[in-house]
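Heads up: the structure comes next, in structure tokens.
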Amino acid sequence: MILTNVENVPGKQIVEHFGLVSGSTVRSKHFGRDFMAGLKNIVGGELKGYTELLEESRREAVSRMVAMAKGLGANAVVNVRFSTSSVAAGAAELYAYGTAVRLE
Amino acid sequence: MFDLIVFLSLILLGYVFGRANEASHYKSIRNRERASRRMEINCNKAIDPAWNVVAASLVTGSTAVSVDYFKRVAASLRNLFGGRVSAYETLLDRARREAVLRMKEEARKLGATMVINVRIETSSISGAKGNNQSIACVEVLASGTALKIR
């Protein structure tokens, strides 16, 4: 499965469009991470626990999108976009969407 | 009295460690930016037909950062008078550059020579509620299409 965030796949020809595919996940941080982040908040800098959590969740959202594209018979997703929104305090939604296509 | 001591020691801790942290982070950012200068990144979608693209793939880089206690207090004081809040400016600058560097690193691992259509997105992630010291942090995500050109 090829993913790109431009309208096509450079060097390849698109033969069929399947429309929008998307995947999302809502995650919250567990107490331990929140606690460590609270400590880290005093000295500032990168919150490694959060970075990992968000990376993990984004991968999950992308894999759901890819599964949906596969189900349609696509072999690539173009114009992939991400969006993150915080739903409630302590929980964030990660959303990935794009256009499923088939390459020759 | 006790509260005041805690408050002042938090400010002091934040100031000392936050400053050291920021200085070392900036140093590492500058070094890595110099090392990865040969990887071209741009925000265009256009592909030169002369390029022989052999592979294309989505690459991302992200980072979640927060400010130190001292800066938070300084920023809330700044709120009274308005104007540039430089405490937060450096935070976002660091986060963006770090995210772009991570994206470049991922592209380098794939053997790509350039990244096109780079998008940088910032979102604020608020932490646990309940206590008034909620964890305020921002996440920056950089994404683009890595190209392997022969």
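Every number here is computed from the coordinates shown, using simple stated rules; none is lab data. Please read all numbers here as calculations on a predicted model, not as lab measurements.
Over 26 Å apart at the Cα level, from the set B:27/B:148; A:40/B:27; B:71/B:104; B:27/B:71, are B:27/B:148; B:71/B:104.
When the chain is fully extended, how far beyond the present Cα-Cα distance does residue A:13 get from residue A:52, taking 0.36 nm per residue of separation? Using 0.36 nm per residue and subtracting the Cα-Cα distance, I get 10.5 nm.
Specify the angular offset, from 0 to 90 degrees and rounded to the nearest 10, of the alpha carbon long axis of helix B:2-35 from the longest principal axis of the alpha carbons in chain B. Between the helix axis and the principal axis of chain B, the angle is about 20 degrees.
The share of Cα pairs per 10 Å bin across the protein assembly as shown, counted from zero up to the longest distance, runs 7, 27, 30, 21, 11, 4, 1, 0 percent.
Seen through its C-alpha gyration tensor, with square-root eigenvalues sorted a ≥ b ≥ c, segment B:1-72 comes out prolate because a/c lies at 1.5 or above while a/b is bigger than b/c. Applying the Kirkwood pairwise sum to the alpha-carbon positions of segment B:1-121 produces a hydrodynamic radius of 17.1 angstrom.
Ellipticity at 222 nm from helices only: DSSP H runs of n ≥ 4 in chain A, each -39500 (n - 2.57), divided by the residue count, give -12500 deg cm²/dmol.
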